[in-house]
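Reviewing the structure listed below.
The values are calculated or read from the model by the stated rules, or taken from the named source; none is laboratory data. Note that the structure is a prediction, hence the values are computed from the model and not measured. Neighbour counts are summed over all protein chains in view; Cβ atoms, including those assigned to glycine, are modelled from backbone coordinates with ideal geometry.
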Amino acid sequence: MLFKPVALPKMLRHTDGMNEGWMPSRGNLVAECVRVMRLRIGAGEWTQQLPGERRLAEVLQVGRDTVRLALQQLEREGLLAPADAGARRRVLAASRALARSEAPGFKIGLLAHRRLEQLPQPMLLEVDRIRDALADKGGSLEVFAPSWYEQKNPSKRLEEMIGEERCGAWVLLRSSAAVQGWFMKSKVPALIRGYPHPGIQLPHLDVDWEATARHAAGMLWRKGHRHVVVLSPSEPLMGVAAAVDGVRSLGESGFESTEMKENGTSLGVARALTRALNLKNPPTAIIATRPRQAATALTWLGSQGLRVPTDLSLITLAWEPFLDHLLPEISGYRVEPEAVAKLVVRRLERIAAGDPNPGGNAWITPEVVRGASVSKCGDAPGC
């Protein structure tokens, strides 16, 4: 079996009682928020005032009611001054010496477009492995998913957050051109976990989607397929654009590809497939750029009386563990999160040490999953 059970990332990392994490665990959230805030005050991150309630809720990834209860507890302990209406909580001088010995040796920040529980399983596992590897080296990983991350002009918010958090380096997950441009212009150490936008000169690491898609197109070509449809999400993603370009760049005479966009829902995928099958020259193969597209395609095609791979071949460029449970076995490409996490940490160590060019190959080559959803093109139209 290819499937490996994937646990949610640990929100708190323990290493023999040392180097405790900077995020609350899933136990008593109020108590954990109190503990984390004590650590950060003791580490000197918050010397005069705490961030506002909304900012604390974003940092700790809890609700504002939980933040308020934690602040009340810190006030009772004498670490914070009583609240003034509309003002941030003031840190009392006596609390600044707390927990200095517990502060991590270095901290890495990860900026994401979604909260942890909303990320795909492979990325969840990758974040967990990065956290583990950093903790083993005396460091820590803190994940931020601010609501403004994908705004057109996040510069002011970024400047405020980076100034408060004091991370040795940052990982930018699915970042916009505006975010990447701010980090490059500000010379804040960062690693793009994904594709860099045009004109961005920052270290980056991602699957070579263009080469992967070209390989998939070549495999279909060798099996006699001459028209393929590429399913792509409607949101503009650099990796997906590179994959579409990769299929188009195959360069074989008589080979045709059509991109069909979908809105991120199962119904959207079904509509895209309907449009594809109603083309004057319908496809004989489908390339999914997202695992969910492959799952929907398999079930929807079956509902239409079409069999995979007898009537249509199906291949996915990205992998999630749930695909292991589908029949026929899906053909596609997979990347091991553990291996990627090691590459990320190695680069982060050099970036945090002041090396703006950590070297190494920026492109990851995925493993081919042979599966059983691709077959030789028969006598159907288009073959």
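Couple of notes before you dig in:
- Residue match in the range 361-375 (condition: farther than 26 Å from residue 291 by Cα, among the aliphatic types (A, V, I, L, M) and either surrounded by fewer than 19 Cβ atoms within 10 Å (Cβ to Cβ) or without any contact (Cβ under 8 Å) to a residue 24 or more places away in the chain (or both)): no
- Search result, residues across the range 194-214 that are of a type outside the set (Ser, Thr, Tyr) and in contact with an Asp or Glu (Cβ under 7 Å, 6 or more places away or on another chain): 194, 210
- Pick from the range 230-244, criterion farther than 14 Å from residue 196 by Cα and of a type in the set (A, V, I, L, M), ranking: farthest from the chain's Cα centre (by Cα): 230
- Here the condition is being in contact (Cβ under 8 Å) with a residue 24 or more places away in the chain and at positive phi; of 199, 254, 246, 218, it holds for 254 alone.
- Selection count, the range 196-215, where residues are surrounded by 17 or more Cβ atoms within 10 Å (Cβ to Cβ) and either part of a helix (DSSP H, G or I) or among the charged types (D, E, K, R) (or both): 8
- Counting only helices (runs of 4 or more DSSP H) that sit completely within the range 264-383, those holding 3 or more residues that are modelled with pLDDT of 95 or more correspond to 266-277, 291-303.
- Looking across 134, 172, one residue alone is at pLDDT below 95 and among the hydrophobic types (A, V, I, L, M, F, W, C). It is 134.
- Count of residues meeting criterion [part of a helix (DSSP H, G or I), modelled with pLDDT under 85 and farther than 16 Å from residue 46 by Cα] in the range 69-84: 2
- Among (1) touching a strand residue (DSSP E or B) at 6+ places or on another chain (Cβ under 6 Å); (2) over 22 Å from residue 173 (Cα atoms), the one test that residue 266 misses: (1)
- Flag for residue 250 being of a type outside the set (Lys, Arg), within 19 Å of residue 344 (Cα to Cα), touching a helix residue (DSSP H, G or I) at 6+ places or on another chain (Cβ under 6 Å) and not in a helix (DSSP H, G or I): no
- Among (1) within 12 Å of the chain's Cα centre (by Cα); (2) farther than 24 Å from residue 361 by Cβ; (3) buried (at least 22 other Cβ atoms within 10 Å of the Cβ), the one test that residue 145 misses: (3)
- Output for the range 171-193, where each listed residue is part of a loop (DSSP other than H, G, I, E, B), in contact with a helix residue (DSSP H, G or I) (Cβ under 7 Å, 6 or more places away or on another chain) and crowded, with 20+ Cβ neighbours inside 10 Å: 189
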